[in-house]
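The values are calculated or read from the model by the stated rules, or taken from the named source; none is laboratory data. Model, not experiment: these values are computed from the prediction. FYI the Cβ positions are ideal-geometry reconstructions off the backbone, even for glycines, and counts take in every protein chain you see.
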Amino acid sequence: MLQSGHIFIVSAASGTGKTTLVSRLSTHQPDIRISISHTTRAPREGEQNGVHYHFVSRTEFEEMIAGNMFIEHANVYGNYYGTSLKAVESLTQQGFNVILEIDVQGAEQMRRLLPEATSIFILPPSMTELTERLKNRGTDSEDVIAHRLKKSREEIEQSLLFDYVIVNQELTQAEQDLLAIIRSVGLRAQAQSQTITRILTGE
């Protein structure tokens, strides 16, 4: 009997290393999948359609909104981002644990719509370290960085609304912490109900 997978909402302030962290974890753990979001923003260098995001036009995205095809969607820095309901359901039914890597605004919607999901916030070691990471990207102007830092502080203040918090001081340790949370959820008695039934019935 196939055990259904679980949904994990992972959010962070911009520049915290969330994308690197969850990508690394999914590479090392075959039972974990990252839900690929739809977005209207242009691909960054090295990003591939269908691998990092589903890149669509604003018109296509708005048609998907009208068709109720998203669990959540948000407008972030002028671009739409959304999570496909059909894609997430398909993965959990196959027994995969699914990570929804979304912004804080989207996570708020998700916690209301999917109360059974586990929410995790990734923190930077400090605001000083976060500032350096954003500057080292070399992709944003000083004004954009200042705006992102202001928004990051507001987002970090909301981290207490999440179920778990991980500090991404060192990537390997943060990955181990994230995996520990995912494994612990799978070991809850309720999550093991099918296993318990199988043992009792001798199947």
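Can you confirm whether region 54-61 contains a residue that is at pLDDT 95 or above, buried (at least 20 other Cβ atoms within 10 Å of the Cβ) and farther than 15 Å from Asn97 by Cβ?
Checking region 54-61: at least one residue is at pLDDT 95 or above, buried (at least 20 other Cβ atoms within 10 Å of the Cβ) and farther than 15 Å from Asn97 by Cβ.
For the subset of region 140-186 comprising residues that are surrounded by 15 or more Cβ atoms within 10 Å (Cβ to Cβ) and of a type in the set (Gly, Ala, Ser), which member is modelled with the lowest pLDDT?
Ser152
What is the residue count in region 26-46 for residues that are part of a loop (DSSP other than H, G, I, E, B) and either modelled with pLDDT of 90 or more or closer than 25 Å to Gln94 by Cα (or both)?
Counting residues in region 26-46 that are part of a loop (DSSP other than H, G, I, E, B) and either modelled with pLDDT of 90 or more or closer than 25 Å to Gln94 by Cα (or both) gives 10.
Would you say Pro115 is without any contact (Cβ under 8 Å) to a residue 60 or more places away in the chain and either loosely packed, with under 13 Cβ neighbours inside 10 Å or of a type in the set (S, T, N, Q) (or both)?
When the stated conditions are applied, Pro115 passes them.
For region 63-77, give me each residue that is farther than 12 Å from His38 by Cβ and modelled with pLDDT under 90.
Answer for region 63-77, where residues must be farther than 12 Å from His38 by Cβ and modelled with pLDDT under 90: Asn75, Val76, Tyr77.
Take region 93-112 and flag every residue that is more than 15 Å from the chain's Cα centre (by Cα) and touching a residue at least 40 places away in the same chain (Cβ under 8 Å).
Residues satisfying the conditions are Gln93, Gln94, Gly95.
For region 162-203, how many residues are among the polar types (S, T, N, Q) and either within 25 Å of Glu108 (Cβ to Cβ) or in contact with a Pro (Cβ under 9 Å, 6 or more places away or on another chain) (or both)?
So the answer is 4.
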